Every structure is written in C-alpha cells, then in structure tokens.
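Here is the structure we will look at, set down as structure tokens.
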Amino acid sequence: MMKAISSAVGRQALNAEVDQTTVRDLLNKVAPSDGGPMSRLSAPPRDRVVSAALQAAIEKFQNANVDPPFRDGRVDPGGQTLRMLNALAGEGPVKPHPGYDPHLGGVIEQAISVDVSAGLVGLKQPTTDTCWATAATMMWKLKNPGQIPHGLPAADQITTFLGTKTRNRLWLDLFNKNSALNAQLFQEFFGRELGMRTLDGLLPALFSGNAGGAQFWLPRLYSTRKPHLVNSTRLGLMVKNFGMSHTSLIVRASLADHIDNSFAPKDAPGLGVVTLLDPTYGRYHNISGADIDYLLGPPGAGTVIPAPPVTSNRLRCFFWP
C-alpha cells in the first residue's frame, strides 16, 4: 500500500515527526544499491528537526533515482521523490512492464523513471534534411567523448564525424547536399557501418493494439543505459512536415509524470512521458505516452490509438552497444 505524508520532510521543510517516520521507514526498505542508506536509519525523529543522517539519506536517494530538477533535498507530498520511494520500497504503485526482452535480456520491476541523457550535448541540425547526421553525431560523441570539440559549429562537428569516422564518402556527400536518409538506408548501410544495434522488428509486435507509452521504452533504456535513436516517417509531424522521415533520440521515459497529448487524439490513453532530444531544435522535447505511440507505432496498429494516414512508417530504433 502506497505510503503518504501530510507535509514535506527534509531541507527547509516542516519535518513533522510522523512524516519523518514514514520517510525513514521507506528509505530503510530501499537497497543501498538502489539509493537506500548504507546503514539502517534507527534514531527516533525529533518533531520539526531533520537529522543529518535522514537528510543525507534523502539526498543520496534523490541523486540515484530522481530527475535533476527535483533533487532539492526534500520529500514533498505527492512528489516524484515520494513516488520513487514507494516504488523502490515495494509499496507501489508500480505498473507492469512488457517483461522479458530476448534482445536485451532483462526484466525490470521497480524503475518508474529512467534518464540516460547524461553526457549528451545537443546539436541543432544545420540544414533542413540532415537530422540523421546530426543525431548520429550526438550519439557518436557520447560514445567517444573529447574527440570532437563541443565548441565547433554544428556543421563542422558533423562533417568531422562523417569525414573521419565513417568509411563511406557517400554519407558526407549526402550531408553536404542536404539530403535526407530514409529509415531503410539508415538501417541497412549507415547504422550497420557504425556498428549500431537495431531493435527493428521488435517494435511493431509490442505496439500493435496496445498503448505502450513510457512503459514500452522504460525497459529498453533501463537495460541498455543508452539513448535510442529512432527514425520514422511519422516523427516528421513534430516539425510540421508530414511524411518526412525524421530522426531523433529517446533519452528519458517516466511513468511518474503526465502531460497532455499534442499529436494523438486528446482522449487517447498513454502511459507517462517520453523525452526526445530533437535535432530540429537541438534541445529536449517532452511528449505524452500517447503521442509516442501515435508517432512511432506501425501503420494499422490503431485499436487503441488511431494511426495517422500514412502507408509506410518504416520505424527503426538503434542504440550503440
């Protein structure tokens, strides 16, 4: 049963004794490897005064499990820290995940928010049709830090990557001509040359007839701990260019948050929020779970969320091993 508090606990908080006890007991149920305290918190709380040990335990837990904007050293009623505490302490609610993934080999049971954006530096695509090269450059720089200076103009960073880190002159020529790269060409040639793994073929079966939302992406991000590059026709809707193949990076999935739909029908169901690093703007973009299903689901998988009227989506999803 999910535990609740009536007032905040921690830094600059009311620190009611009963609420401190609730937070302390939840923290004691979290394994140290999951952000719990190294030794059991046993000191009885003092009303209106948070102990140094409890404060340190809250901050350790937040650093391991909570998104940076919410690492404020306090546990608020209904806040993300309290939700994560309940989940990792086994008090729920934890939504069921797709479960066993033979491609990634894992089952996760507790994570309700996964962020793999650490180390990524956003790049804005320099021309209209070069999202594929921009996204791949961001991924390559994450895997090979320090080899291309962040301070160079985006076009120079991309040409350095394509000109010196790939074997085929075709990619640099396509970039210089502002040419798009469709999903099939990306998978069969460009992605393969770079040594990127693909989850293509897995996605339609899991999306078909179900609104996966953030719940779909959680185990993939959790298992690989890497951003996932997605290339899809429908992603073109995000940049108001319907039918254009577009490439972006999925960097975060959270079941602890909710935002309204922007692309899917307003009443379409969808779990949580997914964050993209979109080369169009070179910055992060949050979309609802229903929107990610709408934009990335295969044609015809509309029993829950109607598919937009395109004949071929050709979704590809990659990550670097």
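The values are calculated or read from the model by the stated rules, or taken from the named source; none is laboratory data. No experiment lies behind these values; they were computed from the predicted model shown. A quick note on method: Cβ atoms are made from the backbone with ideal geometry, for glycine too, and the neighbour counts reach across all protein chains shown. We work out accessible area using only protein heavy atoms, side chains counted, and drop any ligands, DNA or RNA first. Shrake-Rupley method; radii C 1.70, N 1.55, O 1.52, S 1.80 Å.
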Can you return the lysines within cross-link range of Lys60? Criterion is Cα-Cα under 28 Å, with same-chain partners fewer than 8 residues away left out. Lys3, Lys29, Lys95, Lys143, Lys226
Largest-first ordering by accessible area, 1.4 Å probe, given options Lys177, Lys3, Lys141: Lys177, Lys3, Lys141
Mean projected area, convex hull of alpha-carbon positions in the stretch 9-85, reported to one decimal in nm², is 4.3 nm²
Determine the sum of side-chain charges near Asn176: Lys and Arg each +1, Asp and Glu each -1, restricted to other residues whose C-beta is under 12 angstrom from that of Asn176. 0
